[in-house]
Amino acid sequence: MQRVNLSAVSEFVLVGLSDAPEIRLLLFVLFLLIYLATIAGNITLLIALSTDSHLHSPMYFFLGNLSLLDLLCPTITMPKMLGTLLLEHKEISFSGCLFQHFSLIAVVGTEIFLLAVMAYDRYVAVCHPLRYLSIMSTKLCAQLALGTWATGLLNSLLHTSLVFTLSFCGPNKIQQYYCDLPPVLALSCSSTHSRELVILVVAGVLGSSACMVTVVSYICILLEILARRSSGIWHKAFSTCGCHLAIVCLFYGTTIFTYVRPSFTYSLHWDRVVSMLYGMLTPLLNPIIYSLRNKEVKCALKRVISQVRRAL
């Protein structure tokens, strides 16, 4: 097939979630409430983390970065999706689709690396409690956070350059409610096999490395717990690591299922459901998990809410 210039497709059409007017209105209200709750929960958590001096520690510094990512992730996709549901404006420009794709991959990648850093932080807290503050110094925490953001951005730049330098000559309907990697690749009229292989290898190496750090950290934590043989160590370790472990299982499971696989296994119905899990529910549940399971965060959130009430 003769390759066509990129300008052959100037915009894409997002198929969205439903064409039925009565269902669209219901979905709009539902997802708007989810989006507002996500924004409110993560902003409240960020305010609590920044204003409460008891939460100025490495663990909560990384949690603040996680909340910032959870603010960005739904903001990248949900406003356009809500506009599609309400106004039926499904078109998105080529540059808009490129920016949405780049931003989402950057946020997802950064969160994967950040969760690995948080796992290492929990390992140091449990296995080396007396040297925790000296190991997890302010300088090291800043370097680790900067490294996760930089790696996420560079990974996204590679993915986006590989995808959007392909030829797109029609059709231009993306079978998703945002510019996701598999459905965009499916629209290219160029051969995508070599680029898919590069994407899978890079994503596999980086993702497996981050996953390995997480798994090894928790194996070391488990071995430390078994070695101490203390009656209260299980409860202490669970209170220290339980929130992070729950978020890791939810995020890694949905993200790996969505991205770390060839495009021919793409399923329209189930992949939309899974993308909603990590794109909408995970950012909503993260602050809830930490606020319910962590007493310090819960107390800080109560203080913030009481101050807001007094101000109103």
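The values are calculated or read from the model by the stated rules, or taken from the named source; none is laboratory data. These numbers were taken from a predicted model, which means no experiment stands behind them. Every residue, glycine as well, gets a Cβ built from its backbone with ideal geometry; the counts of neighbours run over all protein chains shown. The accessibility values were calculated without ligands, DNA or RNA, using every heavy atom of the protein model including side chains. Shrake-Rupley method; radii C 1.70, N 1.55, O 1.52, S 1.80 Å.
Some points to look at:
- Residue within segment 93-100 that is of a type in the set (Ser, Thr, Tyr) and touching a strand residue (DSSP E or B) at 6+ places or on another chain (Cβ under 9 Å) present: yes
- Taken over segment 42-70, the criterion of being modelled with pLDDT under 90 and of a type in the set (Gly, Ala, Ser) is satisfied by 48, 50, 53, 57.
- Checking each residue in segment 110-144 for being among the charged types (D, E, K, R) and in contact (Cβ under 8 Å) with a residue 12 or more places away in the chain picks out 111, 121, 122.
- Scanning segment 188-202 for residues that are surrounded by 12 or more Cβ atoms within 10 Å (Cβ to Cβ) and either part of a helix (DSSP H, G or I) or touching a His at 6+ places or on another chain (Cβ under 7 Å) (or both) yields 195, 196, 198, 199, 200, 202.
- Across segment 1-12, the qualifying residues are those that are in a helix (DSSP H, G or I) and of a type in the set (A, V, I, L, M, F, W, C), and the one among them that is modelled with the highest pLDDT is 8.
- Within segment 156-186, tally of residues that are open to solvent by 20 Å² or more (accessible area, probe 1.4 Å) and touching a residue at least 12 places away in the same chain (Cβ under 8 Å): 11
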